[in-house]
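Here the structure comes first, spelled out in structure tokens, and everything after it is commentary.
What follows is calculated from the coordinates using simple rules that are stated; it is not laboratory data. Just so it is clear, the model here is predicted, and its values are computed rather than measured. A quick note on method: Cβ atoms are made from the backbone with ideal geometry, for glycine too, and the neighbour counts reach across all protein chains shown.
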């Protein structure tokens with residue numbers, strides 16, 4: 001029998017709670033819901049780094065950002081890292097990438113260079129980064145520009161369907177990366193905007209009357225939610241088209257299909273917008289996996305990190321990365337109802353970039369267990385402690401209470417272990433200096449007219465274990 005295909009679909013900034021299959025009765029997602037009912041629905045999948053660039057690098061490599069190099073928005077990924085495309089290509093797969101890339105650094109509008117700049121993907125229909133969803137464009141394998149007159153996800157889905165139809169007799173691995181539901185929220189198809197325009201919507205209970213970081217009113221936040229849902233429903237339509245084409249091609253039974261996202265969206269919860277925070281709305285994402293005959297229909301509460309996803313997918317296909325990964329092979333969670341996931345996931349935002357910088361955010365590290373979230377700021381101060389079972393809206397911060405001191409110490413030991421193995425706890429500016437990222441950081445800051453970081457001559461650059469390193473990043 002021919003080796004199975006992989007169809008890996010992910011959207012940008014889609015939090016887990018905004019699909020019908022995850023209990024949202026307001027958002028219309030019939031195709032994704034039916035897909036979820038036919039496979040594994042993972043209830044506790046978290047983005048280890050809830051920011052586009054580091055999360056995307058992790059999704060393709062199974063490595064934390066300090067290993068793949070794209071540690072913050074608009075810092076480029078290392079071209080020598082081994083990606084999921086490399087693993088599939090070495091096994092004889094035809095590989096392709098369609099959609100948003102955002103791993104080439106600045107400028108965002110650049111053509112991503114062929115060769116290792118594309119991390120081993122053979123077919124290529126990509127725009128590095130843009131959040132213009134109408135009248136956009138992409139570049140192909142030969143760097144030719146193709147204009148897209150309508151809604152971008154429609155054209156990207158067309159390209160994915162064409163890829164599937166052109167490869168009926170060779171195993172293939174395709175990544176389809178949609179830009180929505182990332183803002184601009186109102187840049188969605190009019191029929192879907194109209195569907196939500198006057199519909200009563202239930203906001204999350206932790207959305208307050210004041211949105212701190214964009215001076216939005218509660219009404220503004222609700223309007224953003226309407227546009228966000230419009231994008232999600234528009235993507236659901238495209239997902240349905242994609243699955244129908246896969247079925248019509250005769251390849252559905254032999255294709256592992258995945259839907260997820262790179263991170264979530266606060267949308268007013270706790271008074272914040274966007275991401276780069278350890279709250280559930282920013283870190284928790286949908287993870288739906290279907291493979292007829294191999295994955296039974298079930299819902300799982302196993303804890304799963306995006307760093308584990310590429311390792312688990314290639315493991316499920318009977319393959320493996322040629323070198324150790326930070327992610328674990330947890331594909332048993334997909335195949336065995338009741339299988340255990342991680343006992344803890346490492347979460348972090350190394351540097352408050354872009355929106356987080358403008359709202360005065362700080363660097364942080366966190367640990368997420370199946371029940372608790374514990375976060376510490378970059379200066380070492382304990383910050384947040386939530387019991388997500390008793391307090392799913394994360395409204396009761398238990399940091400500093402005597403009755404929770406033993407739990408705080410236990411979770412503190414866990415976060416210390418993650419930091420020792422993978423990181424160094426420092427405020428954002430010191431983190432940049434420590435890992436010798438100033439040049440790349442300032443190149444990005446300069447592009448966006450943001451403040452540059454000076455590097456004191458006496459500052460010592462070292463690896464997480466304290467030894468000095470020429471490269472700075474973890475090898």
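For segment 11-109, the gyration tensor built on C-alpha atoms gives a prolate shape. Its axis ratio a/c (a ≥ b ≥ c) is at least 1.5, and a/b is the larger of a/b and b/c.
Sort 372, 334 so the one with the fewest other Cβ atoms within 10 Å of its own Cβ comes first.
372, 334
Dividing the mean sequence gap of close Cα pairs (under 8 Å, 6+ apart) by how many residues segment 3-92 holds gives a relative contact order of 15 percent. Using the average count of surrounding beta-carbon atoms within 10 Å as a protection proxy, the listed peptides 326-333, 69-76 rank, highest first, as 69-76, 326-333. Each 5 Å bin from zero holds the following percent of Cα-Cα pairs in segment 228-329: 2, 10, 15, 18, 19, 17, 11, 5, 2, 0.
Tell me the mean residue ellipticity at 222 nm calculated for the chain from its helices only (DSSP H runs of n ≥ 4, each -39500 (n - 2.57), averaged over every residue, nearest 500).
-8500 deg cm²/dmol
According to the square roots a ≥ b ≥ c of the eigenvalues of the Cα gyration tensor, what is the shape class of segment 140-188, taking rounded for a/c under 1.5, prolate for a/b larger than b/c otherwise, and oblate for the remainder? Note, shape of segment 140-188 comes out prolate. Counting neighbouring Cβ atoms within 10 Å and putting the fewest first, the residues 81, 111 line up as 111, 81. In whole angstrom, how far apart do the alpha carbon centroids of segment 303-338 and segment 62-98 sit? Their Cα centres are 16 Å away from one another.
Over segment 345-447, the hull volume per residue, using the convex hull of the C-alpha atoms, is 109 Å³. Only one of the listed values, (1) 67, 47, 40; (2) 67, 62, 47; (3) 59, 52, 45, was derived from the coordinates as Cα extents along the principal axes in Å; which label is it? Label (3) holds the value from this structure.
What does the extension gain come out to for residue 362 and residue 162, with contour length at 0.36 nm per residue minus their alpha carbon separation?
Additional length available on full extension: 67.6 nm.
Extension gain for residue 202 to residue 407 (0.36 nm times residue separation, less C-alpha to C-alpha distance): 70.5 nm. Each label point was placed 7 Å from the Cα along the Cα-to-Cβ direction; for residue 25 and residue 38 their separation is 2.7 nm. Given their separation in residues at 0.36 nm each and the Cα-Cα distance between them, residue 2 and residue 143 gain 47.6 nm when the chain is fully extended.
Ordered by the count of other Cβ atoms within 10 Å of each Cβ, fewest first, 125, 135, 275 give 135, 125, 275.
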